[in-house]
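Scroll down for the structure; my scribbles are underneath it.
Throughout, read-outs are computed from the coordinates displayed, never taken from laboratory work. All values reported here derive from a predicted model rather than from experimental measurement. A quick note on method: Cβ atoms are made from the backbone with ideal geometry, for glycine too, and the neighbour counts reach across all protein chains shown.
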Amino acid sequence: MSLFNEHEAEKHPAYNDSLQQAVKMAAGGTAATIYFDGTAISVRSAFAPKVAHAAIVCVAQLWDDKTVQLRFAGARSEWVKL
């Protein structure tokens, strides 16, 4: 995802909720992908088909038993303690 699109996704009213949902999924053992199509944000299993005409904003994966890694474009990561 380009940096421009990532900044647009961050402005979406459901952006923070999508991060929380992705963290919950990853904490439960299912890696999650957040997509943004310019209008809507979607959270799906990382193994589900890609959302058509949408860019990946973030991938959430269980890092260890107490941490979820959120991976963004540009090799930027954030870690969420469970």
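With the simple model of a label 7 Å out from the Cα in the direction of the Cβ, Q20 to K50 spans 3.0 nm. For the chain, the longest principal axis of the Cα atoms and the long axis of helix 15-27 meet at an angle of about 30 degrees.
Here the contact order of the chain, divided by its residue count and restricted to Cα pairs under 8 Å and six or more residues apart, works out to 26 percent. Please give the residues of segment 49-70, grouped as numeric ranges, whose backbone N is less than 12 Å from a label point set 7 Å along the Cα-to-Cβ vector of A40. The answer is 51-54, whose backbone nitrogens lie closer than 12 Å to the label point. Structure note, pairs K24/K66; K11/K81; K24/K50: Cα-Cα distances above 22 angstrom occur for K11/K81. Based on the Kirkwood approach, the hydrodynamic radius assigned to segment 3-81 is 12.4 Å, with every pair of different Cα atoms included. Simple rule: put +1 on each Lys or Arg Cβ and -1 on each Asp or Glu Cβ in the chain, find the dipole, and look at V23, V57, A9; the Cα lying farthest toward the positive end is V23. If R0 equals 22 Å, the separation of the Cβ atoms of H12 and W79 corresponds to a calculated FRET efficiency of about 0.45.
Charged side chains reduced to their Cβ positions (Lys and Arg at +1, Asp and Glu at -1) give the chain a dipole of some 140 debye around its Cα centre.
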